[in-house]
Amino acid sequence: MKKVERINVIMRYINNRAHFTISEIMREFNISRSTAIRDIREIEAMGMPLVAEVGRDGGYFVMHNSVLPDVRFTNHEVKALFIAFMATRNQQLPYLKSRQSLTEKLLGLISENQQEDLVLLNQILLFEGTNPHNPDLLDLSDLPHPMLETLIQTLLKDSHLLITIQEEKETKSYQVYLLHLYREKSVWLIECFDLKEEKKKIIPVDLLTDVKLYPVKKGGSKKKILEKLSKQAEAINLVLELGPKAIAQFKKYHPLKISISYTNPYQTSALLKTFVDVKNSEEVAEITSWLLFLGRDVKVREVPEEVLKGIKDRLDLYGQ
């Protein structure tokens with residue numbers, strides 16, 4: 001661990017403790033006594049109000065009601081943060097009001113040389129969703145749905161919710177336990193467990209008109225809900241290995257209930273596991289068309305006979 005990183009971690013470590021000793025710092029961070037003392041002195045010089053206790057069991061404690069000094073970032077950490085922020089254009093981020101304001105504050109934390117690097121990165125890097133003609137523009141589509149922040153604020157209190165949605169001309173309310181809030185294909189989605197029907201639902205946030213807390217005592221505990229979901233889990237009958245071309249196709253379009261797990265750190269190979277209801281002819285037809293859409297960069301480990309027949313029939317039709 002580099003010195004700057006170690007000092008940042010030590011600062012957080014000692015700030016969360018009422019009392020600490022040099023020996024504890026040595027053991028926790030695997031450093032020598034002299035290094036620990038130098039780090040503590042540098043932290044004191046940065047402004048952290050440490051008070052030393054004299055005696056055989058003496059150590060240090062942080063004065064109460066004091067503010068931590070600014071955390072220092074390495075060059076690579078600043079670039080990583082900035083690039084991550086660039087990559088979120090048109091992602092409808094919650095709490096986002098002004099991308100320009102956040103960017104200016106990030107630039108204000110670093111030196112002029114680092115600022116020049118970030119400006120250059122902003123000019124040469126383009127991500128999905130970026131307008132190449134106006135890369136710095138905050139598009140209206142970048143602003144989050146107004147109910148998204150309300151949903152998150154409520155979730156921070158509890159996951160048992162009473163949600164109201166507008167479906168065409170009908171308003172419906174559901175008592176749910178929210179499992180995940182995620183964004184897929186430019187849409188924020190709620191994955192939840194319907195406490196009344198006792199089954200999983202996926203609901204677009206765009207349909208939300210109201211969100212309220214729902215009493216936990218009426219909805220069951222998280223443990224019981226997860227147990228019910230595990231019992232309802234379908235047996236996997238479609239297993240595929242995806243190469244880079246198939247992964248690119250997957251990112252363009254995939255059914256909501258299907259996800260992949262990458263099998264290498266470069267995300268050039270992945271494993272897809274899912275359940276296909278072979279009794280549902282519409283689902284079989286949809287999966288058949290989608291598998292053909294993925295292309296040839298796919299290795300099949302397991303596939304239902306009904307789907308395999310559908311693929312063969314489709315290929316025979318194309319060959320005529």
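The values are calculated or read from the model by the stated rules, or taken from the named source; none is laboratory data. Everything quoted here is computed from the prediction, not taken from an experiment. All Cβ positions, even for glycine, are placed from backbone atoms using ideal geometry, and neighbour counts span all protein chains on display.
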Original post:
Do you know which of the residues in the stretch 91-125 that are over 22 Å from the mean Cα position of the chain (by Cα) and within 23 Å of S186 (Cα to Cα) is modelled with the highest pLDDT?
Top reply: N122
Original post:
Got a sec? Which of K299, K309, K251 is surrounded by fewer than 16 Cβ atoms within 10 Å (Cβ to Cβ) and under 22 Å from E191 (Cβ atoms)?
Top reply: K251
Original post:
Hey, which of the strands (runs of 3 or more DSSP E) in the stretch 173-255, taking only ones fully inside, have at least 2 residues that are closer than 30 Å to L294 by Cβ, of a type outside the set (A, V, I, L, M, F, W, C) and in contact with a strand residue (DSSP E or B) (Cβ under 7 Å, 6 or more places away or on another chain)?
Top reply: 199-204
Original post:
Taking into account only those residues within the stretch 146-195 that are without any contact (Cβ under 8 Å) to a residue 40 or more places away in the chain and among the hydroxyl-bearing types (S, T, Y), which is nearest to K97 (Cα to Cα)?
Top reply: Y182
